[in-house]
Structures are given as structure tokens and as C-alpha cells.
1. Can you tell me which residue in the stretch 138-186 is farthest from ALA208 (Cα to Cα), limited to those that are touching a helix residue (DSSP H, G or I) at 6+ places or on another chain (Cβ under 6 Å) and touching a residue at least 40 places away in the same chain (Cβ under 8 Å)?
2. I'm trying to understand the selection: among the residues of the stretch 40-51, which are modelled with pLDDT of 95 or more and assigned to a loop (DSSP other than H, G, I, E, B)?
3. Out of everything in the stretch 206-234 that is surrounded by fewer than 14 Cβ atoms within 10 Å (Cβ to Cβ) and of a type in the set (A, V, I, L, M), what residue ends up being farthest from GLY23 (Cα to Cα)?
4. Of the residues that make up the stretch 198-218, is at least one among the hydrophobic types (A, V, I, L, M, F, W, C) and over 29 Å from ALA28 (Cβ atoms)?
5. In this structure, is LEU62 of a type in the set (A, V, I, L, M), assigned to a loop (DSSP other than H, G, I, E, B), surrounded by 15 or more Cβ atoms within 10 Å (Cβ to Cβ) and at negative phi?
6. When you scan the stretch 19-39, how many residues do you find that are in a strand (DSSP E or B) and exposed (fewer than 11 other Cβ atoms within 10 Å of the Cβ)?
7. Can ALA16 be described as among the aliphatic types (A, V, I, L, M), crowded, with 16+ Cβ neighbours inside 10 Å and either in the same structural domain as ALA119 (by TED's automatic domain parsing) or more than 18 Å from GLN63 (Cα to Cα) (or both)?
8. Got a sec? Which of ALA127, ALA109, ALA173 is over 25 Å from LEU8 (Cα atoms) and either modelled with pLDDT under 95 or in a helix (DSSP H, G or I) (or both)?
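The values are calculated or read from the model by the stated rules, or taken from the named source; none is laboratory data. Computed from a predicted model, the values in this text were never measured in an experiment. Glycine also receives a Cβ, built like all others from the backbone with ideal geometry; neighbour counts cover every protein chain displayed.
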Amino acid sequence: MSTWLFDLGNTRLKWARLGADVGVGEVAAIACDRDDWLAALPSGAVACVASVAPSELTAALLQALASRFQRLHRVRTEPALGPLRIAYPVPEHLGVDRFLAMLGLCNGAPLLVVGVGTALTLDLVDATGRHLGGRIAPAPALMRASLHARAPHLPAAGGQYAEFADDTDHALASGCEGAALALVEQSLRNAQARLGVAPPLCLHGGGAQALRARLPEHRWVPDAVLAGLARWQALRLG
């Protein structure tokens, strides 16, 4: 009986088959602004779906999957699951992508989990799996898009990072990426002060690649949400 995992974000859908070892199989992805974004969906017995996308995109995905799968499970944030206990008193206020990324990465050690998608999210987890809270900020691409929307003469993309740039496109890249880097670095310092040890940095998300070369040592987990879905399946359905 095949089980598939689906991670729907604001701009992209990712999916993978659940492996026999309860791991994530080969990952496929497609942008949600394509007219045919639902055409390549697989079929099977069980679909586990996590979505932080607008309601119309989520509804379209669920409708398409309903004709391809015998059972659908819409995964939502829970107060506690497995080793993880979230800090939010209202669980639905914590994005399911953040919840699943933490769930998949909890391993008996403290963690600072950083996701770079439409938003930049940071979540601190202690060695017992207790979520100590987090931060949300615009990711660099959203910063650029927001500046361009308010000041169209500023380019929405392009430029190379530099400590002190010599042209506007480079200065924009440097400022927006630098803001994200500074927030991660400050959060690492705050986390060490809170925990008494420096937590490993775990990084995921489609916008993270541009930051990796200038971040401290970290673990790169590009499919952290899918890995969390796999763990959710093992805990809830396995």
C-alpha cells in the first residue's frame, strides 16, 4: 500500500513517496503558478498533506488528490507529538511547515531550525524536544519584491552580495541577504545564552541556498518538511 507525502507552500508543491524504511523517497517539485501544476501528481493508497498555501491552492490540491488516493490526511500542527512539544498556546497559530520541520529534526539534541521560503522562520528546540519559540521575518526574496513594489525603479532581483556594494543591485542583494544572515547569527547567540550551549543550526527551504556560503557551520536539510511528514505518518498512522 503506497503512501505519498505532499508539502504545499505559497509558491511550490513538493512530493515524495514514503519509503519502506519510513524515509523520504525521490522528491519532485513544481511551481504552483503553472497551469499544469496538478497534472503530474502520483496516485496511491494514502496521501499525507501539509499546506501553508492560500485556501484556493490548498482546495485545488486536495480535490485533485481525492481522485487519485483512497485516503487523504490533512496534517495540522499539534501541541505535542513524539518528542516535540510546541511553545505556542494556540497550536493553529504555528505554521504546519515549522511544526513538521521541527518534528522531523528532533533527535535528543538542541536545535535552531531555520527555514527560508517566502518567509524566514527560526525555531529553537531544546534537548528534550521542548520548543522554546521562534521568529518570523521576510525572506530576502520577499524583501526585494516589497521594495520593488513600493519603488519600481529598484530592481526586484539580481546583484551580488558584498559587505559594501558599489551599485544599487549589489547593495539590494547585500542588504536583504545581510538582514537574514544577521537575524540567524543573532538568534544563534541568543540560543546559546538561553541553553548554555551552542545549538546545531539546521537549514531548509528553497531560498536558503543563497545564504549558505555565509552562514556558520550548519546541517542542510532541504526536504525537512517532507521528513517531518514521514515521521508524522509513523507516529500517527504507522
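1. Among them, the one singled out is TYR161.
2. Narrowing the stretch 40-51 to residues modelled with pLDDT of 95 or more: 41-51.
The answer is LEU41, PRO42, SER43.
3. Quick first cut of the stretch 206-234, residues surrounded by fewer than 14 Cβ atoms within 10 Å (Cβ to Cβ) only: 209, 212-214, 216-217, 219-220, 234.
Within this subset, residues satisfying the condition of being of a type in the set (A, V, I, L, M) are 213, 234.
On the way: ALA213: 28, ALA234: 10 Å.
Per the criteria, the residue is ALA213.
4. Of all residues in the stretch 198-218, those among the hydrophobic types (A, V, I, L, M, F, W, C) come to 198, 201-203, 208, 210-211, 213, 215.
Pick out the ones that are also over 29 Å from ALA28 (Cβ atoms) and you get 198.
Yes, because at least one residue in the stretch 198-218 is among the hydrophobic types (A, V, I, L, M, F, W, C) and over 29 Å from ALA28 (Cβ atoms).
5. On the way: of a type in the set (A, V, I, L, M): yes; assigned to a loop (DSSP other than H, G, I, E, B): no; surrounded by 15 or more Cβ atoms within 10 Å (Cβ to Cβ): yes; at negative phi: yes.
The answer is no for LEU62.
6. Pass one, the stretch 19-39, residues in a strand (DSSP E or B): 24-31.
This time we only want the ones that are exposed (fewer than 11 other Cβ atoms within 10 Å of the Cβ), so: 26, 31.
Count: 2.
7. So ALA16 fits the description; yes.
8. On the way: ALA127 fails: either modelled with pLDDT under 95 or in a helix (DSSP H, G or I) (or both); ALA109 fails: either modelled with pLDDT under 95 or in a helix (DSSP H, G or I) (or both).
One residue alone meets the criteria, ALA173.
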